[in-house]
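To keep things clear, I will list the structure first and then write my remarks on it.
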Amino acid sequence: MYTVLIVDDESIQREYLRALIPGLDPRFVVAGEAADGEEALAWLEGHEADVLVTDIKMPGMNGLALCRIAYERYSNMRRVILTGHEEFEYVREALIYKAEQYLLKPPARESVRLLFAGLAEELERERSEALALRGLQSLSEEGRMQVGRRLLQALIAGAQAEVGSLFPLAYRMKIPLFEGEGLLLLLVIDDSSLRDKGVAPQETSLFY
């Protein structure tokens, strides 16, 4: 379940979105509402939201200023701007501050559905990666060494597919493969391995 904070000075618009968003995508629940940016920031001091949906023009702190502050303080929170056609210049500036999406007012049902479906996929992927990282960090030292050994073996063997899967893993686990003043490798080369790699018989002597 993902939480949404709705910020709009029009109560009827907040009520509409409060009913519409979870009705179109039950993975989302509206956890809070605010009438302007200052009220929204006060709410965020004691609560968390996965998605911020804010009108761009409001009395007091507007949506643009709110997005700017939210970007600095809550960088993982998705930001969605509500705007009219005549306000698109404001939207361009808002996009600089990571308002990843915008909805034209009044927001159409299909536009809202598609937008939140995409946000749910992003949030799910982000949570899965965070869980995987926590699992990696809890691995024993022996497990870390095994990953390091497999990566080195794949590098030496030229197994590009395995290197491609193991290198991000080693990076996340902060495995120091090449730290220190040098690296000592003991290579055992045999003719059959060279032939498997496509080396011509008359060229095998180059590897000894």
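Residues are listed down the side, and each one gets a yes or a no for (1) surrounded by 13 or more Cβ atoms within 10 Å (Cβ to Cβ); (2) modelled with pLDDT of 75 or more:
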| position | (1), (2) |
| --- | --- |
| Arg134 | no, no |
| Val147 | yes, yes |
| Glu162 | yes, yes |
| Met173 | yes, no |
| Leu183 | no, no |
| Glu203 | no, no |
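For the condition outside any strand (DSSP E or B) and without any contact (Cβ under 8 Å) to a residue 12 or more places away in the chain, Ile12 qualifies.
Let's see how each residue does on (1) over 19 Å from Phe116 (Cα atoms); (2) touching a Pro at 6+ places or on another chain (Cβ under 7 Å):
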{"position": "Gln13", "(1), (2)": "no, no"}
{"position": "Ile21", "(1), (2)": "no, no"}
{"position": "Leu24", "(1), (2)": "no, no"}
{"position": "Val30", "(1), (2)": "no, yes"}
{"position": "Val51", "(1), (2)": "no, no"}
{"position": "Cys67", "(1), (2)": "no, no"}
{"position": "Arg73", "(1), (2)": "yes, no"}
{"position": "Ile81", "(1), (2)": "no, no"}
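The values are calculated or read from the model by the stated rules, or taken from the named source; none is laboratory data. Since this is a predicted model, take the numbers as computed values, not measurements. Glycine gets a Cβ as well: all are built from the backbone with ideal geometry, and neighbour counts include every protein chain shown.
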